[in-house]
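Contents: one structure, followed by commentary.
The numbers here are math on the coordinates, done by the rules we state, and not lab data. Values in this document were obtained by computation on a predicted structure and should not be read as measured data. Here the Cβ positions follow ideal geometry from the backbone for every residue, glycine too, while neighbour counts run over all protein chains shown.
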Amino acid sequence: MPSFGELENPEYYLAAEVISEDGILLGKISIENRTWTEYKDLSHYLTDALIATEDIRYHNHSGIDIRGLGRAAIRTVLLGQSTGGGSTITQQLAKQLYPRDTARNSALMRRIKLGVSKFKEWQTAVKLERSYTKEEIITMYLNKFDFSYNAIGIRSAAKVYFNTTPDSLNLQQAAVLIGMLKASTRYNPLRNYDLMMQRRNV
């Protein structure tokens, strides 16, 4: 489990930008192609789409959406549907900051590890909610996500896919990028255009 100290100072690999005297970006030096973007520099279409598709009760919970979790459990256990885990935006951030153990194991061990991982994500999500505002959590989440094609974080994704900045994304562009949060390869506009369009329209 991450400590409060680790949660207050999560590790991000940011690109160093080389800018000319007249303000033109000449290039980047980086491990990951990520440039930090503040909440105020995000298009409202991004934040609206994120909450609408990933966590409709985002502003009404403290990291765990009991109602959403119960609905997902009922659909999975009783109805046999694969509807996702009812994870909140905060839980998804926790999973990005502290990834699950993906070692190959037996089916039983995988279930046990998944249960332990979920419990840790719940605890980490509650800690994140105590340490950060809702706006800061969204900012961290969109800055951390890997959108594929060396587009890590929302600023790089806006540049790579639409040659623009996060504050200039229109409704359709924002919907594409938020749709990719479900699976950045499966819903990638450069690889699976039709699937991307279906997800964007959601």
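Quick notes
- Pairs exceeding 25 Å between alpha-carbon atoms, taken from LYS40/LYS118; LYS118/LYS144; LYS40/LYS159; LYS95/LYS134: LYS40/LYS118.
- Length gained on full extension, LEU190 to THR165: 7.1 nm, using 0.36 nm per residue less the C-alpha separation.
- Residue separation of PHE119 and LYS134 scaled by 0.36 nm, minus their Cα-Cα distance, works out to 3.3 nm of gained length.
- Taking the fewest neighbouring Cβ atoms within 10 Å as the starting point, the ordered list for ASP146, ASP55, ASP194 is ASP194, ASP146, ASP55.
- Taking a Cβ cut-off of under 15 Å around ALA49, the surrounding Lys, Arg, Asp and Glu residues balance to a net charge of -1, with basic ones at +1 and acidic ones at -1.
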